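Asks: After the structure tokens below, expect a handful of questions from me.
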Amino acid sequence: MTTLPFHTSIPETQAVPALPMGAHAITLPCGTALHLLPERALWWPAARMVMVADVHFGKAATFRRAGQPVPHGTTADNLARLDALLAATGADHLVFLGDFLHARSGAADALWQQLLPWRQRHAHVAMTLVRGNHDQHAGDPPAALALALVNEPWLPCADARVLACHHPQAVAGHTVIAGHLHPTLRLRGPARDALRAPCFGWGDGQLVLPAFGAFTGTAPDTLPAHWAQFAVLPGRVVAVPGTFS
């Protein structure tokens, strides 16, 4: 388990900010209060920390190199959404829960020319990457991005029994926050219509985030049926009736 020089400690007297607009609040068994955000991110207010999973920078470029007709502008979209997320929360620490990069072939100069100025604009924000399976193949980002690089499981806060991972996994006595699955669920309407939405999943001591990236793909039916599921809808996160609570 890796610790960092800026390893977070939560002051006992720190006030917890109000619930962000559209967020859904949950409390972990250890007493840690978290907010599930409609931006497909997790806000840990007492630690001033935001977590996102599966950004997959460079994925569209990788597909284009293989001759696939995929859209341009996904990196700019991801960065704009991260800008908005940091502005809305005022976070001091941004944690990427794995798969920051998609593949080595997508980690080209054009990508760094977008990421480096973005990182410089947020030089005051500590950033950590918990390496995922795609990161292992793509290689670490350049040092100029000033990302602290750790392997899973990683303990973000010394006084909270919460572990940050890429792969969902059970760790006795801890809650694991992870990504990797790109979970979605199907919501059915009264007129036999249906909507597939990204979702958070919570159960068995694990909290799984939806994929943050704009061009990532989704995986339905990846969460255990008894887990609580929270649909990410435009502007809000909604608990799905009938799931485990």
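Asks: Hand me the list of strands (runs of 3 or more DSSP E) wholly inside segment 2-99 holding 2 or more residues that are under 17 Å from GLY179 (Cβ atoms) and at pLDDT 70 or above.
Replies: Working: elements: 24-27, 33-37, 41-44, 49-52, 93-96.
By residue number, 33-37, 41-44, 49-52, 93-96.
Asks: I would also like to ask the following. Does segment 192-211 hold any residues that are farther than 16 Å from ALA33 by Cα, part of a loop (DSSP other than H, G, I, E, B) and either modelled with pLDDT under 90 or in contact with a Leu (Cβ under 8 Å, 6 or more places away or on another chain) (or both), and which are they?
Replies: ARG192, ASP193
Asks: Right, another one. Does any residue of segment 135-149 turn out to be under 18 Å from the mean Cα position of the chain (by Cα), within 27 Å of PRO224 (Cβ to Cβ) and either open to solvent by less than 50 Å² (accessible area, probe 1.4 Å) or not small (Gly, Ala, Ser) (or both)?
Replies: yes
Asks: May I pose another question? Among the residues of segment 19-35, which ones are free of Cβ contacts under 8 Å to residues at least 24 places away in the same chain and open to solvent by 60 Å² or more (accessible area, probe 1.4 Å)? Step through it out loud before you land on a result.
Replies: Restricting attention to segment 19-35, the residues satisfying the condition of being free of Cβ contacts under 8 Å to residues at least 24 places away in the same chain are 19, 25, 27, 31, 33, 35.
Within segment 19-35, LEU19, THR27 qualify.
The values are calculated or read from the model by the stated rules, or taken from the named source; none is laboratory data. Given the structure is predicted, the values throughout are model-derived calculations rather than measurements. Reconstructed Cβ throughout: ideal geometry from the backbone, glycine too, with neighbour counts over all protein chains shown. Just the protein is used for accessible areas: all its heavy atoms, side chains included, with ligands, DNA and RNA removed. Shrake-Rupley method; radii C 1.70, N 1.55, O 1.52, S 1.80 Å.
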